[in-house]
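Let me begin by presenting the structure, written as C-alpha cells, before commenting on it.
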Amino acid sequence: MADKDIIICRCEDITREKILECIAEGYQTIDEIKRVTRAGMGPCQGRTCRLLIAQELSRAYGVPMEEVLMSTFRPPTKPVTMGTLADAWLEEYEGEAAVSGRAIDGKEGGNGE
C-alpha cells in the first residue's frame with residue numbers, strides 16, 4: 001500500500017492523499033480540513049483521525065504538535081420530543097414528591113387524597 005492510500009479517517013474513508021491535497025491548497029487547521037472532507041464527522045467523532053490529521057499539519061507546516069489548533073468538539077445530537085422531556089421532568093418531580101411526602105397535586109400524604 002502506498003503512503004497516499006493510507007486511510008486517515010476510517011469512518012469517512014478519507015485518505016492521507018486527500019488530507020495532503022487540502023494542506024497543499026492552504027487549509028491550516030483540523031476544522032478547515034474537517035469542513036472540506038468530513039474527516040472527523042463519522043461515528044467516532046474524530047477520536048482516531050483527529051491526531052493523525054494534526055500530525056500531517058505539524059509535518060507540513062513545521063510546527064510542534066502542541067501548536068496545531070485542535071478541532072472544536074460538538075457532541076452528536078438527535079431530536080428529542082417534548083413528551084420525552086416532560087416524562088423525564090415528571091419522573092424527577094414524582095421522585096422528589098415521594099421523598100418529601102408531598103403529592104404532585106400539592107396535598108400532604110403523598111397519595112393525592
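Of the residues Ser71, Ser58, the one with the fewest other Cβ atoms within 10 Å heads the list, and the complete ranking is Ser58, Ser71. Taking Cβ atoms as reference points and 12 Å as the exclusive limit, the residues near Cys49 contribute a net charge of +4, counting Lys and Arg as +1 and Asp and Glu as -1. Net charge of the neighbourhood of Asp5, taken over other residues with C-beta under 15 Å away and scored Lys/Arg +1, Asp/Glu -1, is -1.
Qualifying trypsin sites (Lys or Arg not before Pro) in segment 1-90, where qualification requires a DSSP coil assignment and no more than 11 other C-beta atoms within 10 Å, comprise Arg47. Among the GluC sites (Glu not before Pro) found in segment 1-80, those both in a DSSP coil and sparsely packed, with 15 or fewer other Cβ atoms within 10 Å of their Cβ, are Glu25.
Remind me, what semi-axes does segment 3-67 give for its equivalent ellipsoid, largest first in whole Å, using sqrt of 5 times each Cα gyration tensor eigenvalue?
One finds semi-axes of 17, 13, 11 Å for segment 3-67.
The ranking of Asp3, Asp31 from fewest to most other beta carbons within 10 Å of each one's beta carbon is Asp3, Asp31.
Any read-out appearing in this document is the output of simple, stated calculations on the displayed coordinates, not a laboratory observation. Quick caveat: nothing in here was measured; it's all calculated off a predicted structure. In this analysis, Cβ positions are derived from the backbone assuming ideal geometry, glycine residues included, and neighbour counts consider all displayed protein chains.
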